[in-house]
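Below: the structure, in structure tokens.
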Amino acid sequence: MDNTKYIALSRQMALWKQMDIVSNNMANMNTSGYKQDDVLFSSFLLETPQSTGIGRKANYFAFDFGQFQNFAEGAVVETGNSFDLALKGDAFFCVETNGGERYTKKGQFSLDGNGMLVTNEGAVVLSENNEPFFFAPGEREVSISENGDVSTENGVIGRLKLVRFEDNQKLLKQGGTMFENVDGNAVTLNPDNVRIIQGAVEKSNVEPVVEMTKMINLQRNYEYVQQMIDEEHERLSNTINVYAQLA
């Protein structure tokens, strides 16, 4: 395969990866607590024997080398549900899953059959003592303060465990709204300048119009590259046919 097709295919692979991510963003634009992803692209020069000499240039290849997570806050929408919580500030709720402790901005919680506070996916919401929250069958007046204190008409049950990370970009996304920390990324427990809003949720920070525009541009670029590949293939085929006739 000639260098032209290699360069075109490298660009197509990068565009395909970005289309996958944009599609996932669009699919989660109504998912509470979802954080938008994007791809980091770069290009590099590759010198070959055919690229050296007067009037010749090195080949440019495109590749994606990682993902960037946009942790900007989404809009806060009131729901009136006592177990819906929105976080204002740089912090995450802590939950316990089958794979260990995970972190989320999605504050849509509920009670399971045992009266334990869980996420919609069944993960256990943790207190600052790494214990679950249990509510008695008769407790109705649930109050969650801005600092995370959880109480009912019978008194305080505990305080929600909130954490802040040294570098959010090091977090690994697990599913749509869950994150896993990595070794070496420092954690601050119950950080300052964070407050909880009860009876509300933080919506996705995806901008539908922006993502739709991205998708249209990506599809057009992909088609342009494919057109170039087809034209190059036709050029080479015609060249081979001409040489075959001369022979």
Checklist outcome for this item: Residue-ordered couplings for region 28-39, obtained by feeding phi - 60° into the Karplus form 6.51 cos²θ - 1.76 cosθ + 1.60 and rounding to whole Hz (Gly and Pro as x), are 10, 5, 10, 8, 4, x, 6, 10, 5, 10, 8, 9
Checklist entry - Once you treat every alpha carbon in region 132-247 as an equal point and sum by Debye, what is log10 I(q)/I(0) at q = 0.10, 0.15, 0.17, 0.23 Å⁻¹? => result -0.63, -0.95, -1.06, -1.27
Checklist outcome for this item: Quick calc, GLU73 & SER151: beta-carbon distance into FRET formula, R0 30 Å, rounding 0.05, result 0.70
Checklist entry - In sequence order, what are the phi-derived ³J(HN,Hα) couplings for region 85-93 according to the Karplus relation 6.51 cos²θ - 1.76 cosθ + 1.60 with θ = phi - 60°, rounded to whole Hz, with x for glycine and proline? => result 10, 10, 9, 10, x, 7, 7, 9, 6
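Can you give me the relative contact order of region 98-247 as a percent, contacts being Cα pairs under 8 Å and 6 or more apart?
18 percent.
Viscosity 0.692 mPa s, temperature 37 °C: what is the translational diffusion coefficient of region 150-215 from Stokes-Einstein with a Kirkwood Rh over Cα pairs, rounded to a whole number of µm²/s? Can you show the working numbers first?
Numbers: Rh = 15.4 Å.
Translational diffusion coefficient: 213 µm²/s.
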Checklist entry - How large is ³J(HN,Hα) for each residue in region 111-123, as worked out from phi by the Karplus curve 6.51 cos²θ - 1.76 cosθ + 1.60 (θ = phi - 60°), to whole Hz, x for Gly and Pro? => result 9, 7, x, 9, x, 9, 6, 9, 7, 4, 8, x, 6
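Computed from the coordinates by the stated procedures, all read-outs in this text should not be read as laboratory data. Remember, predicted model here, so these are calculated numbers, not experimental data. In this analysis, Cβ positions are derived from the backbone assuming ideal geometry, glycine residues included, and neighbour counts consider all displayed protein chains.
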